[in-house]
Amino acid sequence: MTVDAQPIAKLSDLSDLGFAVVEHSELPAELLDLVDQVRGLVHAVARTQADTAVLAGAARTVAALTEQLGADPRPLGTMVHRTWPDGHTEYGTLSNIVAGPANPLAPPLELVRDGEEVRAEVTLNGLYEGPPGLVHGGWVAALLDQALGSASSMTGRPSLTANLDVNYRKPTPIGAELTVAARITGTERRKVFVSAEIRHHGVVTAEGTAVMVQVAVSRS
């Protein structure tokens with residue numbers, strides 16, 4: 001993929017540029033259920049105290065399933081396309097580590113349009129733990145960056161993060177419902193200024209601001 005940092009008018013149909021694109025609405029429910037089950041499996045593996053026989057049997061089962069599921073992979077860089085009820089169009093990578101709907105390592109983050117904001121409710125399990133009982137600071141930043149990028153996409157143009165500032169106000173707990181919200185605060189030529197925060201019970205635990213730069217994307 002090449003990125004040409006020139007002004008562009010509208011978000012192109014990425015399938016016309018040679019990208020593999022799948023519609024979010026066409027992702028099989030069975031795939032999404034599998035993703036959720038594997039996410040639970042990884043969490044269980046991280047905490048298991050099962051005996052060695054159980055571990056060995058599980059490893060054999062997972063190896064067989066990995067071979068079966070990996071027999072016909074999608075191309076690396078496959079994009080997922082979504083159209084919101086208001087006509088807003090958004091692309092993301094299917095295996096995005098923070099919000100990819102087919103990535104079991106991604107938390108169950110579903111950012112949606114809410115007026116002039118994007119917003120999500122998400123609960124992070126122990127896979128995202130840093131200090132005991134708390135979300136790793138890197139994952140806090142990742143959640144904010146994802147929300148900021150999604151907010152920036154409301155301009156109808158793709159953009160990349162040029163600068164990200166994160167302030168950690170309070171510890172962000174594991175296993176508790178968190179609210180992530182972001183919005184555009186201004187634009188200047190190709191720059192989009194965005195802000196976001198994470199809240200727990202209405203209290204801000206972390207906030208971030210970013211400068212996103214609108215880009216043209218082509219496949220070489």
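Read-outs throughout are calculated quantities, based only on the coordinates presented, and are distinct from any laboratory measurement. If you're wondering where the values come from, they're calculated on a predicted model, not measured in any experiment. Cβ: placed from backbone, ideal geometry, glycine included. Neighbour counts: every protein chain shown.
In terms of the Cα gyration tensor, with a ≥ b ≥ c the square roots of its eigenvalues, is segment 146-220 rounded because a/c is under 1.5, prolate because a/b exceeds b/c, or oblate?
prolate
In sequence order, what are the phi-derived ³J(HN,Hα) couplings for segment 189-195 according to the Karplus relation 6.51 cos²θ - 1.76 cosθ + 1.60 with θ = phi - 60°, rounded to whole Hz, with x for glycine and proline?
Residue by residue, segment 189-195 yields 6, 8, 8, 10, 9, 9, 9 Hz.
Counting only the backbone N, which residues of segment 21-48 are under 17 Å from the spot 7 Å out from the Cα of residue 60 toward its beta-carbon?
No residue qualifies, since no backbone N sits under 17 Å from the label point.
For segment 53-116, rounded, prolate or oblate, judged on the Cα gyration tensor with a ≥ b ≥ c (square roots of eigenvalues), a/c < 1.5 rounded, else prolate if a/b > b/c?
Prolate.
Could you work out the local net charge near residue 144, counting Lys and Arg as +1, Asp and Glu as -1, over the other residues with Cβ closer than 9 Å to its Cβ?
-3
Under a Cβ-Cβ cut-off of 10 Å, what is the net charge of the residues other than residue 122 that fall near it, where Lys and Arg count +1 and Asp and Glu count -1?
Neighbourhood net charge equals -3.
Taking Cα atoms of the chain, Rg/Rh with Kirkwood Rh, to two decimals?
My calculation puts Rg/Rh at 1.00.
For residue 136, which sequence-distant residues (separation of 5 or more, or a different chain) have an amide H within less than 5 Å of its own amide H, given hydrogens modelled in the peptide plane?
The list, which skips near neighbours in sequence, is 129, 130.
Could you check the simple spin-label distance between residue 20 and residue 125, using points 7 Å along Cα→Cβ, in nm with one decimal?
2.7 nm
If each residue of separation counts as 0.36 nm, what is the full-extension length gain between residue 50 and residue 179 once their alpha-carbon separation is subtracted?
Using 0.36 nm per residue and subtracting the Cα-Cα distance, I get 43.0 nm.
If packing is taken as the average count of other Cβ atoms within 10 Å, what order do 102-110, 66-74, 165-173 fall into, highest mean first?
102-110, 165-173, 66-74
Could you let me know the centre-to-centre spacing of segment 35-61 and segment 65-142, using Cα atoms, in angstrom?
Using only Cα atoms, the two centres lie 22 Å from each other.
Mean separation of Cα pairs under 8 Å and 6+ residues apart, divided by the residue count of the chain: what relative contact order is that in percent?
Relative contact order for the chain comes out at 23 percent.
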